[in-house]
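The values are calculated or read from the model by the stated rules, or taken from the named source; none is laboratory data. Computed from a predicted structure; not experimentally measured. When we count neighbours, we look across all protein chains shown, and the Cβ atoms used for this are built from the backbone with ideal geometry, even at glycine. All accessible areas refer to the heavy atoms of the entire protein, side chains included, with ligands and DNA or RNA removed. Shrake-Rupley method; radii C 1.70, N 1.55, O 1.52, S 1.80 Å.
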Amino acid sequence: MSAQLLTAAELATDLRMHAETVRTWHRAGRIKAELLIGRSPRFDAAKVRKQLAKASDAAAARKFSGMVPTL
């Protein structure tokens, strides 16, 4: 079964953010579209969530890559 593909506005509603944020992230390469219809990208919400979680995990790893002091 194929996933339903969402527009930037629909994905933004699903992620509870502004549609322009989704468009900006797409242009910057932070999230990937599954399909382009003309100039309009379509997104798989589950895959975008995984992409964002992976990016968040990588950022956290970079932030805390040093030794953690013990109390």
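What the table shows:
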| item | result |
| --- | --- |
| In segment 1-21, residue least open to solvent (accessible area, probe 1.4 Å) [restricted to those that are under 19 Å from S56 (Cα atoms) and in contact (Cβ under 8 Å) with a residue 12 or more places away in the chain] | L11 |
| Hits in segment 39-50 - residues which are surrounded by 14 or more Cβ atoms within 10 Å (Cβ to Cβ) and more than 11 Å from the chain's Cα centre (by Cα) | P41, R42 |
| Test for L11: is it modelled with pLDDT of 95 or more and not in a loop (DSSP other than H, G, I, E, B) | yes |
| Positions within segment 22-38 being among the β-branched types (V, I, T), surrounded by fewer than 14 Cβ atoms within 10 Å (Cβ to Cβ) and within 13 Å of the chain's Cα centre (by Cα), in sequence order | T24 |
